[in-house]
Amino acid sequence: MSRLELLVDRDGPLTRAAVLTDGRLTDLHIDHAGRPSLLGAIILGRVERIATGLNGAFVDLGNGPGHGLSGLLPAADVRRPILDDDQPHSRAQSSSHRPGARQAPIGALLRTGQPVLVQVKADAAGAKGPSLTMDITLPGRFLVHAPLGRDIAVSKRLGSGPERATLARRIEQLATGAGWIVRAGAAQVSDALLAAESEALHLQWRAIRDDARAGSAPRLLHPGPDAPTRALIEQGAAAPAAILVDDPPPTDGIRLGDGPLLSSLRDWCGHHAPDLLPRLGGHTDAQRLFDLRDLDSAIAGLLDVRVPLPLGGSLVIERTEALTVVDVNAGERGNPLDVNLDAAAEIARQLRLRNVGGIVVVDFVNMRSRGDAERVLAALSQAVESDPVQTQVYGMSKLGLVELTRARRGTPLAALLRP
């Protein structure tokens, strides 16, 4: 079984959380103090302007850190106001959200000046502001709380067999409140952990809702998860065997191993992941943690255009305004199929580490048969399956190009690390 580790440090304005699998970097989360992300933040906003042409509303998000801008709330993401109402509901309660129903115009749903509780589902990109939704979700390692819903939805990764129904019944008996999305890893953990996480997420929602009712708009109610927390949430049931935190040393240069980063993560684990507390500790060595594990050079390599493949050959990854292009080079290796199979795994890893979003086009090495091409497509599909960000492989064109899309989420690595 693979050994997972989570290493956390602060380097200038960057807070970095690196997941290592058997010593190799496989996941990376970074926060930049000067370029804060709003992804996942829950904000009591105020409708600033109705945009009839876009069938959406621009919502003032306030002037907190990283704010000072408006986000777009599409009509399809508008839900019944909940600030004066405790009743859970589902999309089916609104005729405009029934399958095949015609979407109501934004002017019939919202008015200028109205307070709205929204969550940021995509950060600002270029001239576009953040993308917003009123479908609030609070993610956990095993469960996602959707407090405005009443249903229990089970991850499609569990297939369509009886296991899904059994898991849904477990959650119905264990979970506090209504509205749950059950992650695939929930099938592997105890009832006690599931009940504890559901209680923590439900209490978190109640605090957010009460805060929304108690004050004026616009203002931030709940920030999105920080880099270390995102790393733990996305690992799900695959818990790290060790979590090491390298807090910046105080002015005397002595590392005590118990600074603000460790305290914050210990507090989160205490509420949401008590099983991880025994695995959490501070780095006290005089040499920086990321230096000891040679992670700085590994992260710097993620900005390179050319990526060597483990067994020979390379990838060339170039970003254009419209899409990302990946070219697979065989180098001196003779078997195109072997090169492409190695490339498929590394492409999935690079897209995840670099946080590439949007359209991706891959030019694999030309193969001898249709059967070989199908094997490569299957390998690529399997490699992206574990990506927590929705990734879809669409097949190979007549020119031998493979098209895929990866949902945009957060800021790409290159933008976070640029000077």
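The values are calculated or read from the model by the stated rules, or taken from the named source; none is laboratory data. Quick caveat: nothing in here was measured; it's all calculated off a predicted structure. Methodologically, a virtual Cβ is constructed for each residue, glycine included, from the backbone with ideal geometry; neighbour enumeration extends over all protein chains shown. For accessibility, only protein heavy atoms count, side chains too; no ligands or nucleic acids. Shrake-Rupley method; radii C 1.70, N 1.55, O 1.52, S 1.80 Å.
Odds and ends about this structure:
- Computed magnitude of the charge dipole of the chain (debye, nearest 20; Cβ of K, R +1, Cβ of D, E -1): 1380 debye
- If only the Cβ of Lys and Arg carry +1 and only the Cβ of Asp and Glu carry -1, the dipole of the stretch 304-367 around its Cα centre is close to 220 debye.
- Per atom type, the stretch 18-80 shows carbon and sulfur on 53% of its accessible surface, probed at 1.4 Å.
- With all protein chains in place and a 1.4 Å probe, the accessible surface of the stretch 266-321 carries 52 percent carbon and sulfur.
- With 0.36 nm allotted per residue and the present C-alpha distance subtracted, the Gln188-Asp285 stretch has 31.4 nm of extension available.
- The base-10 log of I(q)/I(0) for the stretch 214-348, evaluated at q = 0.13, 0.20, 0.21 Å⁻¹, reads -0.86, -1.12, -1.17 [Debye formula, identical scatterers on Cα atoms, solvent excluded].
- Most mobile of Ala57, Ala212, Ala378 in a GNM of the chain (Cα contacts under 10 Å): Ala378
- The mean of 1/r over all distinct Cα pairs in the chain, once inverted, gives the Kirkwood hydrodynamic radius of 23.4 Å.
- Under the span-like rule (Cα at least 24 Å along the axis, Kyte-Doolittle mean at least -0.5), DSSP H helices of the chain: 191-214, 336-354
- GluC sites (Glu not before Pro) within the stretch 275-360: DSSP coil, no more than 13 neighbouring Cβ in 10 Å: Glu321, Glu332
- For Asp363 and Asn335, a Förster radius of 25 Å and the Cβ-Cβ distance give a FRET efficiency of 0.90, rounded to the nearest 0.05.
- The chain - accessible surface per residue (Å², probe 1.4 Å): 48 Å²
- Stretchable slack from Lys398 to Thr166, in nm (0.36 nm times residue separation minus alpha-carbon distance): 79.1 nm
- The stretch 294-377: relative contact order as a whole-number percent, Cα under 8 Å and 6+ apart: 27 percent
- The dipole here belongs to the stretch 167-299: it is taken about the Cα centre, uses +1 on the Cβ of Lys and Arg and -1 on the Cβ of Asp and Glu, and is about 560 debye.
- Relative contact order, whole percent, for the chain stands at 15, derived from Cα pairs under 8 Å and 6 or more residues apart.
- Rounded FRET efficiency, nearest 0.05, which uses the C-beta distance separating Leu277 from Asn63 and R0 of 35 Å: 0.45
- Highest-MSF residue in the chain out of Gln119, Gln350, Gln173 [GNM, Cα springs under 10 Å]: Gln173
- Convex hull projection area averaged over all views, the stretch 158-198, Cα basis, nm²: 2.7 nm²
- Given charges at Cβ of Lys, Arg, Asp, Glu: the stretch 166-306 dipole, positive-most of Leu289, Ala212, Gly179: Gly179
- Computed Kirkwood radius, in angstrom, where 1/r is averaged over Cα pairs of the stretch 288-333: 12.3 Å
- A dipole drawn for the chain from +1 and -1 charges on Cβ atoms has a positive end, and of Val361, Leu138, Pro115 the residue lying farthest that way is Pro115.
- Calculated FRET efficiency for the pair Arg49/Ser386, C-beta based, R₀ 25 Å, to 0.05: 0.05
- Estimated translational D of the stretch 320-410 in µm²/s (Stokes, Kirkwood radius over Cα pairs; 37 °C; 0.692 mPa s): 248 µm²/s
- Taking every DSSP helix (H) stretch of at least 4 residues in the chain, weighting each as -39,500 (n - 2.57) and dividing the sum by the residue count yields a mean residue ellipticity at 222 nm of -8000 deg cm²/dmol.
- Each other residue within a Cβ distance under 14 Å of Arg406 adds +1 if Lys or Arg and -1 if Asp or Glu, for a net charge of +3.
- Three-way shape label, the stretch 151-283, alpha-carbon gyration tensor, a/c 1.5: oblate
- Length added when fully stretched, Arg24-Leu417, from 0.36 nm per residue minus Cα-Cα: 139.4 nm
- Portion, in percent, of the accessible area of the stretch 174-249 that falls on carbon or sulfur, probe 1.4 Å: 55 percent
- Using a Gaussian network model of the chain in which every pair of alpha carbons under 10 angstrom is joined by a spring, one finds that among Arg306, Arg266, Arg169 the greatest mean-square fluctuation is at Arg169.
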